[in-house]
Each structure stands twice: as structure tokens, then as C-alpha cells.
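Heads up, the thing below is written out as C-alpha cells.
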Amino acid sequence: MPYLAEAILFLAPFALYALWLRFNPGRAVGAHVIALAVVGLVIAIGGAIIYGLSRGESPTTLYVPPRLEADGPARPVPPARAP
């Protein structure tokens, strides 16, 4: 079911554009629509960059993988500092 929602969200802009083309034949897309699309792209890319830069660990942190305990479940291990 979650894949259906993702597919609908992905295909919705294409469907809306196809409807717009169907009901407005021969009419060009307005400059304000293109400007809004560019602004949306800039905000999305900027947000992704800021999120990626703010979610990292310190360069001195060593990755320690989770360990399997005797009773079965994996237990997370806190990150360790590099020597």
C-alpha cells in the first residue's frame, strides 16, 4: 500500500501537466509557472544540501556496527572516538 501512495505522488505532476495540455491546446506555459517551478527546485535542492550537511557525524567518530546478543536481537553500539 505505501508503494501506491509513492507512485501517485510521483505521477501526479505528470498527470496534471497532461490535463493542462489537454484543456489548453496550443497555449504556452506562463512565465510565472516556470519561475515558480525553478524556485521550488532551488528550495528543494538547497534543503537537501542543508539536511545532508547537518546530519553527519564528526570526522573523528569511528563506525561501530551493531552487535548480536546471545538472546537474539541486535543491540546498537554508541559511536567511538578515533584515537
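Stretching the chain fully between ASN24 and LEU62 yields a gain of 7.9 nm (0.36 nm per residue, less the alpha carbon separation). With the simple spin-label model, which puts each label point 7 Å out from Cα in the Cβ direction, the SER54 to TYR3 separation comes to 3.3 nm.
Laboratory data are not the source of any read-out in this text; all were calculated from the coordinates shown. Being a predicted model, the structure only gives us computed values, none of them experimental. Note: ideal-geometry Cβ built from the backbone for every residue, glycine included; neighbour counts use all protein chains shown.
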